[in-house]
1. Starting from the range 168-187, keep only residues that are in contact (Cβ under 8 Å) with a residue 40 or more places away in the chain, then list their pairs with residues that are among the basic types (Lys, Arg) and open to solvent by less than 70 Å² (accessible area, probe 1.4 Å) whose Cβ atoms are within a distance under 9 Å, requiring at least 6 positions of separation or different chains.
2. Could you check the range 96-130 and list, in sequence order, the residues that are under 20 Å from ARG154 (Cα atoms) and modelled with pLDDT of 95 or more?
3. When both residues are 6+ apart or on different chains and their Cβ atoms are under 7 Å apart, which pairs have a first residue that lies in the range 121-144 and is open to solvent by 50 Å² or more (accessible area, probe 1.4 Å), and a second that is outside any helix (DSSP H, G or I)?
4. Can you tell me which of (1) open to solvent by 50 Å² or more (accessible area, probe 1.4 Å); (2) within 23 Å of TRP74 (Cα to Cα); (3) in contact (Cβ under 8 Å) with a residue 24 or more places away in the chain is the one SER149 doesn't meet?
5. For the range 31-48, enumerate the residues that are touching a helix residue (DSSP H, G or I) at 6+ places or on another chain (Cβ under 6 Å) and either in contact (Cβ under 8 Å) with a residue 24 or more places away in the chain or assigned to a helix (DSSP H, G or I) (or both).
6. Against the definition (out of contact with any Ser or Thr (no Cβ under 8 Å at 6 or more places or on another chain) and under 25 Å from HIS99 (Cβ atoms)), how does PRO53 come out, yes or no?
7. Could you check how many residues of the range 68-89 are open to solvent by less than 20 Å² (accessible area, probe 1.4 Å) and either among the aliphatic types (A, V, I, L, M) or more than 22 Å from LEU182 (Cα to Cα) (or both)?
8. I'd like to verify a number: residues in the range 48-67 that are among the small types (Gly, Ala, Ser) and open to solvent by less than 30 Å² (accessible area, probe 1.4 Å), how many?
Amino acid sequence: MARLVGSDGARTEAAIRRAAVDLIAAKGFEAVSLREIAKAVGIQASSLYRYFPSKHELLTAIITQHLEHLLAQWEAVKPKGDDALEQLHAFIEFHVDYHSAKHKEVFVSNMEMRSLTVDDRQAVVALRNRYESILQEILRGGIDEGLFSIPDIRVATFAILAMLTGLTAWYQQGGRLTKSDLVACYSKLIATGVTLPGDPGQRKISLRSRSA
């Protein structure tokens, strides 16, 4: 890659993060060096140290930025009402859209949590817990409305997130399914799993998914 001649600090830092994500996703954190990342960006290793003094600090910055941006984007698009089915569908749509477009960041954030220091991992887990709590509150709201039947909200949250995030391992844009198809499929599966048997909410969220 050509050197980023005359680039400003923000652009260079962003380029470092992108190169690091690409390399770590392809080779794993332990197999990638800061020198290799600097070479991919087109800068000297000594220049990279001005932005990230260590590889662990770079990894922490990547994962933290990913989770903070995830939370900020949800706040920007979440429905204003309290309808649990509307909130659930919006969350599914958001999660599918965001994670299908950020599959490398998602992979690095999930797989390389083990490479963080104890203190950094605690801070990152706190951010991840904030995102999980969004879905927990939606499910709890559905129970309070008498729409959802869930034996354990925490287990249901983990199961739903694992199913939704799993798409990053197999989904390809331009393939057989569009994002709208995925949202409709996941919405129906999840609504069937959390709503009361025969509840009209299942049909409501299914119809809404098809019209998205």
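1. Here the result reads THR168/LYS102; TYR171/LYS179; GLN173/LYS179; SER187/ARG208, each pair linking the range 168-187 to a residue that is among the basic types (Lys, Arg) and open to solvent by less than 70 Å² (accessible area, probe 1.4 Å).
2. Scanning the range 96-130 gives GLN122, VAL124, VAL125, ALA126, LEU127, ARG128, ASN129, ARG130.
3. These pairs meet every condition: ILE143/ILE150.
4. Unmet for SER149, out of (1) open to solvent by 50 Å² or more (accessible area, probe 1.4 Å); (2) within 23 Å of TRP74 (Cα to Cα); (3) in contact (Cβ under 8 Å) with a residue 24 or more places away in the chain: (2).
5. We begin by selecting, within the range 31-48, every residue touching a helix residue (DSSP H, G or I) at 6+ places or on another chain (Cβ under 6 Å); these are 32, 34-35, 37-38, 40-41, 45, 48.
Within the range 31-48, LEU34, ARG35, ILE37, ALA38, ALA40, VAL41, ALA45, LEU48 qualify.
6. Working: out of contact with any Ser or Thr (no Cβ under 8 Å at 6 or more places or on another chain): yes; under 25 Å from HIS99 (Cβ atoms): no.
The answer is no for PRO53.
7. 5
8. As a first pass, look at the range 48-67 and keep what is among the small types (Gly, Ala, Ser): 54, 61.
Restricting the remaining residues to those that are open to solvent by less than 30 Å² (accessible area, probe 1.4 Å) gives 61.
The qualifying residues number 1.
The values are calculated or read from the model by the stated rules, or taken from the named source; none is laboratory data. Just so it is clear, the model here is predicted, and its values are computed rather than measured. Note: ideal-geometry Cβ built from the backbone for every residue, glycine included; neighbour counts use all protein chains shown. Only protein heavy atoms, including side chains, enter the accessible area calculation; ligands, DNA and RNA are left aside. Shrake-Rupley method; radii C 1.70, N 1.55, O 1.52, S 1.80 Å.
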